[in-house]
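Please treat every number below as a calculation from the coordinates, not as lab data. Predicted, not measured: the structure shown is a model, and the values here were computed from it. Cβ atoms come from the backbone with ideal geometry, glycine included; neighbour counts cover every protein chain shown.
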Amino acid sequence: MSDVRLVPAVIDIVYEEITGEVDRFEREFNEIGETDEDSIGQWIKHAKVRGETDESDYMMLNLMAELYRKLEKIEQILAKGGVQRVPLSSNASIESIGLEHLKLSSESFEIGKHYYGRIEMATFPKREIAFFFEALDTSLAKITKIHVRDRQEWGYYMTARERAMIRQMKGLE
């Protein structure tokens, strides 16, 4: 475990040990992963493939798409009372992250147990990420299953935290 590289990152996590009913976690995991495949996201991907976005500012197009998603979310909250997620039994603070690891600020895991968790990444746009992980010790876990795009976002976030830490050590912040 000494080869695990971690950088400080304060993120809240909700999680639960997997004890049999993995289907409910898998269903939610897939549902959260499919939010990338919403109608506006698909439309933008198809337009990009057809070359229809060459004349437009891609950053502005993504910003408009994100506004559209927020409006859809508000509409859903008003119509249905919001998104229903699987209630998870535990919550904690993550103190540091690695490319495939997370470390809690408290000793809450049981070694060798498998868990399902959700976090909200502090990025733009804010993203909810679901993943499965295994406890390596009482506070350190290895991510075992995560969607490809979420893995990329996790890596980008870790790199940004690492850069901020380096700038802080150099006294630039």
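Of the trypsin sites (Lys or Arg not before Pro) in the stretch 27-89, which ones lie in a loop per DSSP and count no more than 12 other C-beta atoms within 10 Å? Numbers along the way, then the final one.
Working: sites: 27, 45, 48, 50, 69, 70, 73, 80, 85; in loops: 50, 85.
Hits after loop and neighbour filter: 50.
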- Message: Calculate log10 I(q)/I(0) of the stretch 38-80 for q = 0.17, 0.18, 0.19 Å⁻¹, where I(q) comes from the Debye formula with a single equal point scatterer on each Cα and nothing for solvent.
- Response: -0.51, -0.55, -0.60
- With θ set to phi - 60° and the Karplus curve 6.51 cos²θ - 1.76 cosθ + 1.60, what are the ³J(HN,Hα) couplings of the stretch 97-105 in order, to the nearest whole Hz, using x for Gly and Pro? 9, x, 4, 10, 9, 9, 10, 7, 7
- Other-chain or far-sequence residues with amide H under 5 Å of residue 18's (modelled H): 114, 115, 116
- Return the calculated 222 nm mean residue ellipticity for the chain, to the nearest 500 deg cm²/dmol, obtained by summing -39500 (n - 2.57) across DSSP H runs with n ≥ 4 and dividing by the residue count. -13000 deg cm²/dmol
- With the chain treated as a Gaussian network of Cα nodes joined by springs under 10 Å, which of 100, 153, 34 yields the largest mean-square fluctuation? 34
- Query: With N residues in the stretch 1-72, what two-decimal value do you get for its Cα radius of gyration over 2.2 N^0.38 Å?
  - Reply: 1.66
- Query: From the phi of every residue in the stretch 8-23, what ³J(HN,Hα) in whole Hz does the Karplus formula 6.51 cos²θ - 1.76 cosθ + 1.60 yield, where θ is phi - 60° and glycine or proline is x?
  - Reply: x, 7, 9, 9, 8, 10, 10, 7, 8, 5, 8, 10, x, 7, 6, 4
- Query: Residues with amide H under 5 Å of residue 11's amide H, sequence separation 5 or more or different chain, H placed in the peptide plane at 1.01 Å from N; which?
  - Reply: 94
- Message: Counting only pairs 8 or more residues apart or on different chains, how many lysine pairs in the chain have their Cα atoms under 21 Å apart?
- Response: 12
- Using θ = phi - 60° and the Karplus form 6.51 cos²θ - 1.76 cosθ + 1.60, what ³J(HN,Hα) does each residue of the stretch 122-133 get, whole Hz, x for Gly and Pro? 8, 10, 10, x, 4, 10, 8, 10, 10, 7, 10, 8
- Query: Cα extents of the chain along the three principal axes, largest first, in whole Å?
  - Reply: 51, 47, 28
